[in-house]
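Everything below concerns the one structure shown next.
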């Protein structure tokens, strides 16, 4: 079942394509040297570009690379690009650092600490039609519907598919309990350790959207990870 973190990290207007830049190292066993690169990752098409810091020139022109996902981009991890094992050592700019270490990271950390697994993760930017389509079940039901649509389309969002070997068949129920009541103020009273209590602001900016019914989970997974692809 997917769970959408409605967190705005970068405004739409006046901003170009999102790019994350990291300091990476590749150990060349032939020359026994450590080569350092700037690795740029473009979430829109999962492409990468590499810049050789020592030679001060472009090493790899932007190309799509299989096997490199946004969820793999964290400090200390090793990714493979064209048979080269690149270790991510640091963020290369303030924007990347802010995005990767923002509220998203705190929420993901909290999710994992409760023994839930993120089996799929992808960043999306949704337009009004897509946002209204996804939230259609709430139209005419909750007064916050217009605000929910605006919030969903206001900036990048992260779609997650949540599973758990520990919670098993109870995963949907357990995760909804962990997310907490839709109103963060109520959540802080009733479930102070829930995600909405800790990260939500109000009934519209309440940190996450969570599938309300177990049967909705597969449908929402399909919407984000198949229909929107």
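The values are calculated or read from the model by the stated rules, or taken from the named source; none is laboratory data. Quick caveat, the model's predicted, so the values are computed rather than measured. Neighbour counts are summed over all protein chains in view; Cβ atoms, including those assigned to glycine, are modelled from backbone coordinates with ideal geometry.
If you take the residues of segment 26-37 that are in contact (Cβ under 8 Å) with a residue 12 or more places away in the chain and surrounded by fewer than 17 Cβ atoms within 10 Å (Cβ to Cβ), which of them is farthest from residue 123 (Cα to Cα)? So the residue we want is 27. So for segment 6-21 (the condition being in a strand (DSSP E or B), surrounded by fewer than 17 Cβ atoms within 10 Å (Cβ to Cβ) and either at pLDDT 90 or above or assigned by TED's automatic domain parsing to the domain that holds residue 211 (or both)), does at least one residue qualify? Checking segment 6-21: not a single residue is in a strand (DSSP E or B), surrounded by fewer than 17 Cβ atoms within 10 Å (Cβ to Cβ) and either at pLDDT 90 or above or assigned by TED's automatic domain parsing to the domain that holds residue 211 (or both). Every condition in (1) part of a loop (DSSP other than H, G, I, E, B); (2) closer than 30 Å to residue 51 by Cβ holds for residue 118 except the one numbered (1). Determine whether residue 140 is in contact (Cβ under 8 Å) with a residue 12 or more places away in the chain and either assigned to a loop (DSSP other than H, G, I, E, B) or not assigned by TED's automatic domain parsing to the domain that holds residue 44 (or both). No. Among the residues of segment 55-114, the ones that are part of a helix (DSSP H, G or I), assigned by TED's automatic domain parsing to the domain that holds residue 43 and surrounded by fewer than 12 Cβ atoms within 10 Å (Cβ to Cβ) come to 1 in all.
Restricting attention to segment 38-51, the residues being farther than 20 Å from residue 118 by Cβ and surrounded by 15 or more Cβ atoms within 10 Å (Cβ to Cβ) number 9.
Checking each residue in segment 157-180 for being crowded, with 20+ Cβ neighbours inside 10 Å and either within 24 Å of residue 201 (Cβ to Cβ) or without any contact (Cβ under 8 Å) to a residue 12 or more places away in the chain (or both) picks out 157, 158, 159, 160, 162, 175, 178, 179, 180. Restricting attention to segment 208-217, the residues that are surrounded by 13 or more Cβ atoms within 10 Å (Cβ to Cβ) and modelled with pLDDT under 90 add up to 5.
Please specify each residue of segment 109-134 satisfying the condition of being over 17 Å from residue 229 (Cβ atoms) and touching a residue at least 24 places away in the same chain (Cβ under 8 Å). Scanning segment 109-134 gives 110, 111, 114, 115, 116, 117, 118, 128. Filtering segment 34-53 for residues that are outside any loop (DSSP other than H, G, I, E, B) and modelled with pLDDT under 90 leaves an empty set. What is the number of the single condition among (1) without any contact (Cβ under 8 Å) to a residue 40 or more places away in the chain; (2) on the phi > 0 side of the Ramachandran plot that residue 227 does not meet? Of the numbered conditions (1) without any contact (Cβ under 8 Å) to a residue 40 or more places away in the chain; (2) on the phi > 0 side of the Ramachandran plot, the odd one out for residue 227 is (2). On inspection, residue 197 passes the criterion of being surrounded by 21 or more Cβ atoms within 10 Å (Cβ to Cβ) and either closer than 19 Å to residue 108 by Cα or free of Cβ contacts under 8 Å to residues at least 12 places away in the same chain (or both).
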